[in-house]
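The values are calculated or read from the model by the stated rules, or taken from the named source; none is laboratory data. What you are looking at is a predicted structure, and each value in this text was computed from that prediction instead of being measured. Reconstructed Cβ throughout: ideal geometry from the backbone, glycine too, with neighbour counts over all protein chains shown. To get the accessible areas, we keep the full protein, side chains included, count just its heavy atoms, and leave off ligands, DNA and RNA. Shrake-Rupley method; radii C 1.70, N 1.55, O 1.52, S 1.80 Å.
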Amino acid sequence: MEQQTFGGSNDYTNPLASRLRPQTLSGFVGQQHLLGEGKILRQLIDRDQVSSMIFWGPPGVGKTTLARIIAGKTKSHFIDFSAVESGIREIKQVMQQAQESRRFGDRTIVFVDEIHRFNKAQQDAFLPYVEKGSIILIGATTENPSFEINSALLSRCKVFVLHALTPDDLAVLLRRALEDPRGLGGQRVHITDTMLFMIAQFANGDARTALNTLEMAVLNGDRDARGITVNKDILQQCISKKSLLYDKNGEEHYNLISALHKSMRNSDPDAAIYWLARMLEAGEDPLYVARRLVRFASEDVGMADSRALEITVAAYQACHFIGMPECTVTLTHAVSYLSLAPKSNALYTAYEAAKRDALEQLNEPVPLQIRNAPTDLMKQLHYGEGYQYAHDSMEKLTSLQCLPDALEGRRYYCPTDQGSENKVRDRLEYIRRRREQMRGLHGESIPAPESPDKNAKG
């Protein structure tokens, strides 16, 4: 926790990104949907009317910079917290100071970087002071506030979503770094626009990554009387491995698996393979992906192509045997098969419907006719009485009722006409129609209707 000063610095021991941090909105790049003329956040800052708010966005898009710009314009006390270093005791000390200041008409703005790292108790410590207006809270987070910030605290804050910077935004920052005396302006750096754009694309929307990469390239450039020349070989070494935005325990993890799942469901193998690569190259466990494919095989393909389940289980086993990076092609095989397979969610909807009935009618007894009767007492209580052994009939069908009385006639599985499930639908319709005939005739013998798949395995 510290109270901040906001003057510029020419200390070249600081990282380039730190030295070039803008101090006014005129120097801020990007986020025009929030900071353009007439936009709400711009007006709040210009009028010094900020209220409690959360800045949510990926790394390096200006969350902390915006908070410091507010600090430079406001007439309030500004206190900077780090969620990594501060505890409840420090929070309460600051809150007490803020209450004292408020008695004299002074506001206190508390900025909490990485607010998602605060636990529930720490976040709760802010709540009464935000509610009473003793402080204005500004939090910055890379995680979805809906999941990481207490709902009571979140309801008292306006959430502003910051977007990843575009390559053009980053190119502007990089050119400014080459010209600004606080940056590299005094070092006569020679680098082409093409190479600057390569850095901008490599940074993936992160200004800090872009500036740090430029600084690394300049430090390793060729030096002579003309200055520093960055050649393409040096730059290629600096951008040889992109750090993909991915947190295996965070929201992006679920965003990417959702993208993979929905691409396969939409029968789009190209998109599915791309999202698969995004996950694997960012370090995702291939067995996690394989498990999700096994689930997809039954949830979204089902009996429209029962081979899908066999293939995904085999893919899981292959991933277990050979690991990364060899199993990438195995997962690509499975993802492509699932994308192109006929789709049916009939098994998924069948289970969900049955689950609702199971939860709402927990005490429905098992019908006596399908209970086992291993003891004489059970037989006396009519356990198993009226049971019909399907193998004793020519068609392997009986009129036996297997659902509880309250659920008799309920239909859970409704096959579609997709792929192999079309044959399953015909077979099930035949079975249900035949069973109704058997029950309707009360045991009278009638000729059986012809089964549509009598020569096929059920």
Given points 7 Å out from each Cα along the Cα-Cβ axis, report the residue 229 to residue 281 separation in nanometres with one decimal. 3.2
Residue-averaged [θ]222 nm for the chain, counting only DSSP H segments that reach four residues, each worth -39500 (n - 2.57): -14000 deg cm²/dmol
Check: region 298-409 dipole with +1 on Lys, Arg Cβ and -1 on Asp, Glu Cβ, in debye: 200
Along region 371-377, what does the Karplus equation 6.51 cos²θ - 1.76 cosθ + 1.60 (θ = phi - 60°) give for ³J(HN,Hα), rounded to whole Hz, x for Gly and Pro? 8, 6, 10, x, 10, 4, 4
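Based on the Cα atoms of region 86-198, what semi-axes does the equivalent ellipsoid have, where each is the square root of 5 times one gyration tensor eigenvalue, given in whole Å with the largest first?
They are 39, 19, 12 Å, listed largest first.
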Checking the cross-link filter: which aspartates and glutamates have an alpha carbon closer than 19 Å to that of residue 92, excluding same-chain neighbours under 8 positions apart? 2, 80, 100, 106, 113, 114, 124, 131
Rounded to the nearest 20 Debye, what is the dipole magnitude of region 73-159 about its Cα centre when Lys and Arg each give +1 and Asp and Glu each give -1 at the C-beta? 420
Can you find, among 61, 321, 234, the residue sitting farthest towards the positive end of the charge dipole of the chain, where Lys and Arg contribute +1 and Asp and Glu -1 at Cβ? 61
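Treating only the Cβ atoms of Lys and Arg (+1) and Asp and Glu (-1) as charged, compute the dipole magnitude of the chain about its Cα centre; round to the nearest 20 debye.
Using only the charged Cβ atoms, the result is roughly 780 debye.
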Amide H of residue 53 versus every other amide H placed in the peptide plane: which residues, excluding those fewer than 5 positions away on the same chain, fall under 5 Å? 137, 138, 139, 158
At a Förster distance of 60 Å, what's the computed FRET efficiency of residue 93 paired with residue 324, Cβ-Cβ distance as r, to 0.05? 0.80
Sort out for me the Cα centre separation of region 135-173 from region 43-95, rounded to whole Å. 11
Of the candidate values (i) 22.7; (ii) 23.5; (iii) 28.2, the one computed for Kirkwood radius over Cα pairs in Å from this structure is (iii)
Surface accessible to a 1.4 Å probe, per residue, for the residues of the chain, Å²: 55
P(r) tail for region 296-361, what percent of Cα pairs lie past 20 Å? 41
Taking the highest mean first, how do the peptides 37-43, 110-116, 305-311 order by number of other beta carbon atoms within 10 angstrom per residue? 110-116, 305-311, 37-43
Could you sort out which of 343/396; 75/132; 355/379 sit more than 26 Å apart by Cα distance in this structure? 343/396; 355/379
With all protein chains present, the chain has a carbon and sulfur share of its accessible area (1.4 Å probe) in percent of 50
What fraction of the DSSP beta bridges in the chain is antiparallel, stated in percent and rounded to the nearest 5? 20
In range of the label at residue 378: residues from region 400-414 whose backbone nitrogen is under 19 Å from the point 7 Å along Cα→Cβ: 401-404
Using Stokes-Einstein with the Kirkwood hydrodynamic radius over Cα pairs, what translational diffusion coefficient do you get for region 252-371 at 37 °C and a viscosity of 0.692 mPa s, in µm²/s rounded to a whole number? 213
Roughly how many Å is it from the Cα centre of region 265-295 to that of region 205-231, as a whole number? 36
